[in-house]
Amino acid sequence: MTMTPDTTAKATGPSTGTPSGTEIRLDRVTKDYGLAAPAVDDISLTIEPGEFMTLLGPSGSGKTTTLNLIAGFETLTAGSIALNGTDVSDVPPHRRNLGMLFQNYALFPHLTVAQNVAYPLRERKVGKREIARKVAEVLELVQLTGRDDNHPSQLSGGQQQRVALARAIVFEPEALLLDEPLGALDRNLRSALQTEIRRIHREVGSTFVFVTHDQEEAMNLSDRIALFNNGRIEQVGTPQQLYAEPETLFTAKFLGDSNVFELGEAALDANVAWDGESWVIDPATVAAHPGVRASSAVVVRPEDVEVAGGRDDVPAGANAVRATVRDVEYMGSYRTLLLAMGERGLPGRTRVSPLQGEYAIGDDLVAWWRPQAQRIVAA
Amino acid sequence: MTTPSTPRRRYTKVDPIPWWLKAFGGLVVVFFILPTLFVIPMSFSDATTFQFPPQGFTWRLYENFFTNPIWLDSLGNSFLVATLTAVLATTVGTAAAVALSRLQGRVAQLVRTLLMVPIVAPAIVVAVAVYIAFLGWQLTGTVLGYVLAHTAIAVPYVLISVTGALGGFDPKLLRAAASLGSSPARAFVRVTMPLISRGILTGAIFAFIVSFDEVVLALFLRSPLFQTMPVQMYNSVTVEIDPTISAASSLMVVAVTIIFLLPQLLRGRVRRR
Ligand SMILES: Nc1ncnc2c1ncn2[C@@H]1O[C@H](COP(=O)(O)OP(=O)(O)O)[C@@H](O)[C@H]1O
Ligand SMILES: [Mg+2]
């Protein structure tokens, strides 16, 4: 888990380039293919000008459909889509002026790199010299100078996607839509291109809508993430918000690892009972979840869980649960203990540093955390 | 259909073809080609009737052919009809192939089958049907009549070759084109057409040849003023016993062969994926 998003860069938003991004507003958007459930089910989402918004979610959750609705490749069943306040619901894709990046690159195989990149400019009747200038400029931006006369088949996957990127931004579209553009690339190349895409987003300054099912990729790239589940948006927020303040169990489980303690019908109060344990709930959490929750769960991140040899070693005011070590994973700088927690032996995990000593399978421990570190989510 | 890929040499080493199969293949080739090779020496024969082996050597039959307005006109008519048929059938067939490639389900399947009917229907049945219809519309003996009739039987060939080419075409490219500002029509011209051009060209050539050597429909549609070359050849054997037909046949064989080989000759020029 890489849990160190670059907060400083994001807080300031797009730094260089023209701050002329486009706002994309989805208003109660639904797409129904006539299957058991709509592919996209009554989604409302406003993507700010210049924002890097990621649509994240498991396969089949409706991300691509949403992106295709924005692009105009699919027609809306209900709702509307507006670019900078102008309703484009009935505008065909070729007049929406949105760039698009596909997983399989979708370069024109009969055209050279330069001709591919020039394609949208020729469609816009840009003059020859202007085309040459812009193509050279954008190929430099994606670091492909000198490959002008190559055909796509002569390039590697990563290079092809760079060409596609150049082609999608050269005409300065209102926004760039990216549908799992790195999905076909190997791990190293992915991470290199992630950095590249972020740099280009900063330099170009336009709105990016990025689809992925890879939560790490989403965390690395995004200003904000919209988490999709079954055609609906589960939660929208910055990567930190989604990780630190998940509102639903789905969000807590999808982004990063979590220890989940379902409370069932237990009343949410200053104290709560789980499996014979009596836990303290942070006052702020109680305030945020007034009254009783019919169905909720306590979520604690592995890095917030500590282990102790016995109850006596647990600091006062901490919540604790008895745990048995099921397995130890060596992760280099730290280790992950896989635990069986409570009476029922619920799966859990925590991180320990080698300085904390050695642990072996079967060790009986006490897992504990501070009430402030836990989240109450809808289960 | 013309498959441009020849099997690789390596393949024959892995799985050698037995001698008897090669011999049989050779026989089949001879069976198909021999009549054609037979007619070419005949066309240089000095004899005034059909005789084999040919006697002497002379260009006389070719002289006859190129000085006789009946032969020349029929040749010109055939070229005209075949060219127009190629244009019309290629347009219609390509449009049908593109449309059908996007459709699934039973209706599309039905349309596909219907469009193939002219290939399997007996020529004489088609000819009679066309003749009766065209008589009423006064299309017999007209260029339009020939072109329409030949287009009907040529479209399936275009459909087959263009459908084949579309099999390797990634429809995502059309979405890419749309996102880059191309209307559907522009995307067809700038993306689809160049990528399926081989299929279109092959289809056009087939359409041309189907029309160029079609005789049954042409016999029904002929008028004293307008005949195609195959009809004139038919006349020359059945009515006049004119040995010029040897020269005419040879010219047909050469012309058709050249046209058939066009895609191979152009192959290097069209870049493939
Ligand atoms: N053209 C289509 N026709 C019918 N169903 C579709 C079509 N496209 C997507 N779906 C269905 O809609 C749902 C969402 O698909 P999609 O948007 O592709 O999900 P994701 O991109 O999140 O993996 C899936 O159940 C999928 O099967
Ligand atoms: Mg998808």
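Things to note:
- Exclusive hit being of a type outside the set (Phe, Trp, Tyr), within 16 Å of ligand 2 (Cβ to nearest atom) and closer than 19 Å to residue A:227 by Cβ, set A:30, A:46, A:64: A:64
- When residue A:303 is tested against the conditions (1) closer than 29 Å to residue A:235 by Cβ; (2) among the charged types (D, E, K, R); (3) out of contact with any Pro (no Cβ under 8 Å at 6 or more places or on another chain); (4) part of a strand (DSSP E or B), the lone failure is (4).
- Residue list for region A:162-185, restricted to those being more than 15 Å from ligand 1 (Cβ to nearest atom) and closer than 13 Å to residue A:67 by Cα: A:175, A:176
- Test: residue A:166 is in contact (Cβ under 8 Å) with a residue 40 or more places away in the chain and either buried (at least 19 other Cβ atoms within 10 Å of the Cβ) or in contact with a Leu (Cβ under 6 Å, 6 or more places away or on another chain) (or both): yes
- In region A:52-82, residue farthest from ligand 1 (Cβ to nearest atom) [restricted to those that are within 14 Å of chain B (Cβ to nearest Cβ) and in contact with a Ser or Thr (Cβ under 9 Å, 6 or more places away or on another chain)]: A:72
- Residues satisfying the stated conditions in region B:112-145, i.e. exposed (fewer than 12 other Cβ atoms within 10 Å of the Cβ) and not in a helix (DSSP H, G or I): B:122, B:138
- Region B:171-180 - residue that is crowded, with 17+ Cβ neighbours inside 10 Å and not hydrophobic (A, V, I, L, M, F, W, C) and, of those, farthest from the other protein chains (Cβ to nearest Cβ): B:175
- In the set (1) surrounded by 19 or more Cβ atoms within 10 Å (Cβ to Cβ); (2) within 14 Å of another protein chain (Cβ to nearest Cβ), the condition left unmet by residue B:183 is number (1).
- Of the listed requirements (1) facing chain B (nearest Cβ under 10 Å); (2) over 25 Å from residue B:169 (Cβ atoms), residue A:101 misses just one: (2).
- Residue, farthest from the other protein chains (Cβ to nearest Cβ), within region A:139-167, restricted to residues that are under 15 Å from residue A:112 (Cα atoms) and hydrophobic (A, V, I, L, M, F, W, C): A:144
- All positions within region B:207-263 that are among the small types (Gly, Ala, Ser), within 18 Å of residue B:142 (Cβ to Cβ) and crowded, with 20+ Cβ neighbours inside 10 Å: B:211, B:218
- Among the conditions (1) more than 9 Å from ligand 1 (Cβ to nearest atom); (2) free of Cβ contacts under 8 Å to residues at least 24 places away in the same chain, residue A:49 misses just one, which is (2).
- The residues of region A:61-89 that are surrounded by fewer than 18 Cβ atoms within 10 Å (Cβ to Cβ) and hydroxyl-bearing (Ser, Thr, Tyr), listed by number, are A:75, A:77, A:80, A:86, A:89.
- Some residue of region A:182-200 being within 8 Å of the chain's Cα centre (by Cα) and either within 16 Å of ligand 2 (Cβ to nearest atom) or away from chain B (no Cβ under 14 Å) (or both): no
- Condition met for residue A:39 (away from ligand 1 (no atom under 15 Å from the Cβ) and either of a type in the set (Val, Ile, Thr) or in contact with a Lys or Arg (Cβ under 7 Å, 6 or more places away or on another chain) (or both)): no
Here, each number is a calculation from the coordinates, and none is a lab measurement. Predicted model, so just to flag it, every value in this text is computed and none were measured. Because the Cβ atoms are built from the backbone with ideal geometry, glycine has one as well, and the counts that use them run over all protein chains shown.
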